[in-house]
Amino acid sequence: MLKWRELYEECLQCNKCDLGNKRTNMVFGDGNSRGKIVFVGEAPGADEDRIGLPFVGRAGQLLTKGLTALDLIRENDYYICNVCKCRPDNNRVPYENEAEACLPYLRNQVALIKPKIIVCLGATAMKYILGNDFRITRDRGKWIERKGCYIIATFHPAALFRDENKKVLFWEDLKSVKKKYDEIKDDKII
């Protein structure tokens, strides 16, 4: 397992797939690297690729607004990253080989953070964290415990712009994350 600086440098130099050749910035992750919640998305979008930070575009701002309303602050309470560290063309879903090339980096990040809660943002994150048997519409909002870590999936915040009906379910899922976080804090597991 690599330490933070080594892992960052390896991601910066990565060319295991074609995404690294087309990126403006590698988007590693952001937030509290000792936070007990990790949010995982699919891959950087155009704003993220330009700025070099995850979830800073329109969808990220919506997510941050919801989390802030629940008193969950990126710098204090959670870390946020993506399955892929580089932007796929036109924000398409990462190809299997691209996601597989980046998964060791994500696993290393999670191992360093040792979160108590992982939130999969969207179907792609859910697939690579929970497996192919899970479906975002059917299984979002359900808690799964693996190796002492609670995992939940919800819609990617970008999906809320395409289907407003998902906003209520997304908000319920975020409140469930906050509730689980408070329970864990109360149990002194953190």
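Each value in this text was obtained by applying a stated rule to the coordinates, not by laboratory testing. The shown structure was predicted, so the numbers you read here are calculated from the model rather than taken from an experiment. Note that we place each Cβ from the backbone using ideal geometry, even for glycine, and neighbour counts take in every protein chain shown.
Some observations on this one:
- For the chain, the relative contact order comes to 23 percent (Cα pairs under 8 Å, sequence separation of at least 6).
- Shape of region 1-54, Cα gyration tensor, a/c cut at 1.5: oblate
- Net charge of the neighbourhood of residue 73, taken over other residues with C-beta under 15 Å away and scored Lys/Arg +1, Asp/Glu -1, is +1.
- Estimated FRET transfer efficiency (residue 91, residue 21; beta-carbon r; R0 22 Å; 0.05): 0.80
- Listed cross-link partners 147/185; 114/142; 3/142; 16/147; 127/166 are compared with a 24 Å cut-off, the Cα-Cα value being larger for 3/142; 16/147.
- Rg to Rh quotient for region 4-186, alpha carbon positions, Kirkwood Rh: 0.93
- The ranking of 26, 126 from fewest to most other beta carbons within 10 Å of each one's beta carbon is 26, 126.
- Beta bridges by DSSP in region 4-186, antiparallel share as percent, to the nearest 5: 25
- In this label model, residue 51 and residue 172 are separated by 3.0 nm, measuring between points 7 Å along each Cα→Cβ vector.
- Highest-fluctuation residue, 161, 39, 170 considered, GNM on the chain with Cα pairs under 10 Å: 161
- Taking label points 7 Å from Cα along the Cα-to-Cβ direction, residue 161 and residue 69 give a separation of 1.8 nm.
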